[in-house]
1. Among the residues of the stretch 11-68, count how many are open to solvent by 90 Å² or more (accessible area, probe 1.4 Å) and in contact with an Asp or Glu (Cβ under 7 Å, 6 or more places away or on another chain).
2. Considering only helices (runs of 4 or more DSSP H) fully contained in the stretch 1-80, which possess at least 2 residues that are of a type in the set (G, A, S)?
3. State which residue is farthest from the chain's Cα centre (by Cα) when the search covers only the stretch 157-191 and only residues that are more than 23 Å from V209 (Cβ to Cβ) and among the hydroxyl-bearing types (S, T, Y).
4. Can you name the residue in the stretch 180-210 that is assigned to a helix (DSSP H, G or I), out of contact with any helix residue (DSSP H, G or I) (no Cβ under 8 Å at 6 or more places or on another chain) and without any contact (Cβ under 8 Å) to a residue 12 or more places away in the chain and is also nearest to Y297 (Cα to Cα) among such residues?
5. Cβ-Cβ below 6 Å, separation at least six or inter-chain, first residue in the stretch 285-296 and under 9 Å from M188 (Cβ atoms), second of a type in the set (S, T, Y): which pairs?
6. Q127: without any contact (Cβ under 8 Å) to a residue 60 or more places away in the chain, under 25 Å from A214 (Cα atoms), open to solvent by 80 Å² or more (accessible area, probe 1.4 Å) and over 18 Å from the mean Cα position of the chain (by Cα), yes or no?
7. Quickly run through the stretch 218-264 and pick out the residues that are open to solvent by 30 Å² or more (accessible area, probe 1.4 Å) and among the acidic types (D, E).
8. Would it be correct to say that S215 is of a type in the set (S, T, N, Q) and either open to solvent by 10 Å² or more (accessible area, probe 1.4 Å) or part of a loop (DSSP other than H, G, I, E, B) (or both)?
Amino acid sequence: LKDNLARLAPAIRRELEESETRRQRNLAEEELRTLKHAIETIPVGVTIADLNGRIIFANQAEAEMHGYALEELLGNDIRIVSSAEHAADWNRGDVKKQGCLRRETLNVRKDGNTFPAYLISSVVLDQSGEPVAVVTACEDISERKEAEERLRYMSTHDTLTGFYNRAFFDQELQRLADQRYVPMSVIMVDVDGLKEVNDTLGHAAGDKVLKQTASVLLSVFRTEDLVARIGGDEFVVVLPGADQQVVEKAINRIRDVIEQSTCVIGGIGLSLSVGAATTDDPNGLEEALKQADKRMYQDKLGKSSSRTRSAFNERRLPDR
């Protein structure tokens with residue numbers, strides 16, 4: 001009515017303010033629904049725990065990752081998914097000081113199996129700055145750890161034979177020298193005729209010869225012995241605490257295994273040249289390696305001379 005027109009402007013202003021409030025509330029609710037849907041569907045486990053460590057929210061990825069139904073997690077202690085050695089006590093004071101925490105740990109599934117996990121935990125604060133909950137994102141990093149382990153293995157091992165490679169051997173040699181093991185023995189092993197096998201029968205045949213060599217060495221030496229392939233056809237064995245008598249027995253064992261071997265490539269049986277040396281000086285390992293290498297080549301030259309004499313005798317004309 002005309003006599004009420006003075007009240008019109010405040011009423012319109014109030015209605016506009018209420019309309020804006022409703023719009024903002026609707027937007028907030030829509031954002032919350034979108035956020036909740038995103039958290040429930042992302043392939044990363046998410047949990048929200050109250051200050052007593054009780055799970056008040058978990059998404060489907062978290063439940064599946066740990067082998068639980070979603071209902072089994074809700075209301076349970078957050079430490080249900082932590083392995084015994086990594087389950088920390090839940091302390092309100094620690095939570096307040098925590099802020100954002102990133103770490104790798106071991107989590108446990110419902111069946112008791114553990115797996116490596118990467119966790120990011122953040123404290124949720126209220127308007128007064130007091131903590132009210134902790135949000136944790138959890139990722140199963142089993143595949144990443146396996147890939148890292150494969151890379152680590154490849155960086156230290158010869159992929160064909162499974163023995164240590166030259167780079168790792170040099171590192172271990174320094175470590176053994178620093179620990180001053182005595183006596184210390186070294187055995188150098190060279191595969192005879194590998195180049196000829198590769199040239200005439202192909203590298204696949206040569207690889208078989210190397211694998212057979214590895215099999216021989218594995219059957220002779222102890223797990224605590226350092227066995228490495230340091231060249232195309234060269235292997236070295238370092239025996240901490242082994243004296244000359246132990247080395248001689250090992251070399252005889254190598255020869256016995258070769259004699260019993262049925263591995264024949266292109267009509268040629270496996271043949272290895274061997275040299276060894278022993279030192280009682282903690283600083284004499286390098287010199288022992290040189291001495292063993294020298295004796296190994298002497299063994300190889302002796303075999304070469306023997307084969308030359310045999311071939312010459314076969315070519316001799318019979319006496320008349």
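The values are calculated or read from the model by the stated rules, or taken from the named source; none is laboratory data. Remember, predicted model here, so these are calculated numbers, not experimental data. Using ideal geometry, Cβ is built from the backbone for each residue, glycine included, and neighbour counts are taken over all protein chains shown. What goes into the accessible areas is simple: the full protein's heavy atoms, side chains included, and nothing from ligands, DNA or RNA. Shrake-Rupley method; radii C 1.70, N 1.55, O 1.52, S 1.80 Å.
1. The number of residues fulfilling the criteria is 1.
2. On the way: elements: 8-41, 60-66, 70-73.
Fully inside the stretch 1-80 and qualifying: 8-41, 60-66.
3. S185
4. E196
5. So the pair list comes out as M296/S273.
6. no
7. Answer for the stretch 218-264, where residues must be open to solvent by 30 Å² or more (accessible area, probe 1.4 Å) and among the acidic types (D, E): E224, D233, E234, D243, E248, D256, E259.
8. Working: of a type in the set (S, T, N, Q): yes; either open to solvent by 10 Å² or more (accessible area, probe 1.4 Å) or part of a loop (DSSP other than H, G, I, E, B) (or both): yes.
Against the criterion (of a type in the set (S, T, N, Q) and either open to solvent by 10 Å² or more (accessible area, probe 1.4 Å) or part of a loop (DSSP other than H, G, I, E, B) (or both)), S215 qualifies.
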